[in-house]
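Working notes, structure below.
The values are calculated or read from the model by the stated rules, or taken from the named source; none is laboratory data. All figures in this text were calculated on a predicted structure; none of them were measured in a lab. In this analysis, Cβ positions are derived from the backbone assuming ideal geometry, glycine residues included, and neighbour counts consider all displayed protein chains.
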Amino acid sequence: MNLQKYLYLLLLFLFVGVMTAHAQIPSCSAASQFYSKDSINLTTFGASTVHGMYGHSFQPYLQENLERCYTGKVVTITNNGIPGETTTEGLKRFPAAIAHRTGFMLIQMGANDVMAMANKKMKVSETEKNMKYYLQTSIKSGLIPIVGTLQFFNDKNDRYFKTCNLYVKQVNALYKKLASEYHAYVADINKGLGRDFGLYADFIHPNEAGYRLISCIWFDAVNQAIEDKLLLVGLNQNYPNPVRANAKIGFSLAQEGKVIIQLYNMNGAMVRTLYDEYQGAGYHEIPFSVSGLSPGIYVYIMQVGGQRLSKKMLIAR
């Protein structure tokens, strides 16, 4: 092998390795610095996929991602997965699983229901009733529920699992409908895994790579809930900085309010209003232009609900 070909293959190997590793590390939310609590507590509930199989589970990867992004916050995750259980069998232990817990309720359960449906031993209506109970009880307990969709069974050359997957589609549509009705969140595990059975250790359970991917899907759903419900009022640094033409400013609100962001020069004169609108709670980003402004140092001030927050901005040409 000549040197040029060797170097090409080496670079290709390194590139693929970096991209693979990157694909398993979700980006931190820009709003993570405005999280309003000292801890992030997650209760995970379900059957074998939640419990973990073959020495792997999603909870350690999820905890690692949260601790990496929410620095200084205590992250606790409980694993309440029991292999082989249907949503009906899980009802008895649910109260104990959520007792004295705060934060988020992550529920992924129903694959065993699906197999029972394929065997004509259970109906979708029973799963619906059970999931309503889980959602209602979580909300009454002050938890923020996130429902995980069911992954497909590996149905290659298997008629029974093809039938199961017809029910998987029905159950997932039901879960999304219920999440909407109860203002819960969805971690779309089915969409994330797709039909990539290379992420499976057997006919339904993920392998290590599959669990890593599932942890990222849960992570994104938790982030979304935090951005919607659990942020302090905060103002981010504009980016890029320095600004040459166009940029963005991110800010967070604990509740709905009128937001005014104005730009001042170093003499204290207001030179431009960048934003003046009502905005809902959560994290937001606004674009703006600095065309027509002279290069130099400026200060932008956000006013909302009697609070004033400021950051410096550098305009360059």
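Some points to look at:
- Just one of the listed residues (156, 120, 140, 92) is within 30 Å of residue 227 (Cα to Cα), surrounded by fewer than 18 Cβ atoms within 10 Å (Cβ to Cβ) and either in contact with a Ser or Thr (Cβ under 6 Å, 6 or more places away or on another chain) or assigned by TED's automatic domain parsing to the domain that holds residue 199 (or both), namely 140.
- Taking each residue of the range 47-68 that is assigned by TED's automatic domain parsing to the domain that holds residue 80 and looking for partners that are surrounded by fewer than 18 Cβ atoms within 10 Å (Cβ to Cβ) and part of a helix (DSSP H, G or I) with beta-carbon atoms closer than 8 Å, six or more apart or interchain, yields 56/208.
- Total residues in the range 71-88, condition more than 17 Å from residue 205 (Cα to Cα) and either free of Cβ contacts under 8 Å to residues at least 40 places away in the same chain or outside the structural domain of residue 207 (by TED's automatic domain parsing) (or both): 8
- Qualifying positions in the range 105-153 - in contact with a Cys (Cβ under 7 Å, 6 or more places away or on another chain) and assigned to a helix (DSSP H, G or I): 114, 115, 118
- Of all the numbered requirements in (1) part of a helix (DSSP H, G or I); (2) touching a residue at least 60 places away in the same chain (Cβ under 8 Å), residue 102 misses one, and that requirement is (1).
- Unmet criterion (only one of (1) under 17 Å from residue 221 (Cα atoms); (2) surrounded by 13 or more Cβ atoms within 10 Å (Cβ to Cβ); (3) of a type in the set (Lys, Arg)) for residue 162: (1)
- Scope the range 68-99; condition outside any strand (DSSP E or B), more than 16 Å from residue 223 (Cα to Cα), within 25 Å of the chain's Cα centre (by Cα) and β-branched (Val, Ile, Thr); matching residues: 82, 87, 98
- Within the range 12-67, the residues that satisfy the criterion of being exposed (fewer than 12 other Cβ atoms within 10 Å of the Cβ) and modelled with pLDDT of 95 or more are 38, 55.
- The one condition in (1) buried (at least 23 other Cβ atoms within 10 Å of the Cβ); (2) out of contact with any Pro (no Cβ under 9 Å at 6 or more places or on another chain) that residue 214 fails to fulfil: (2)
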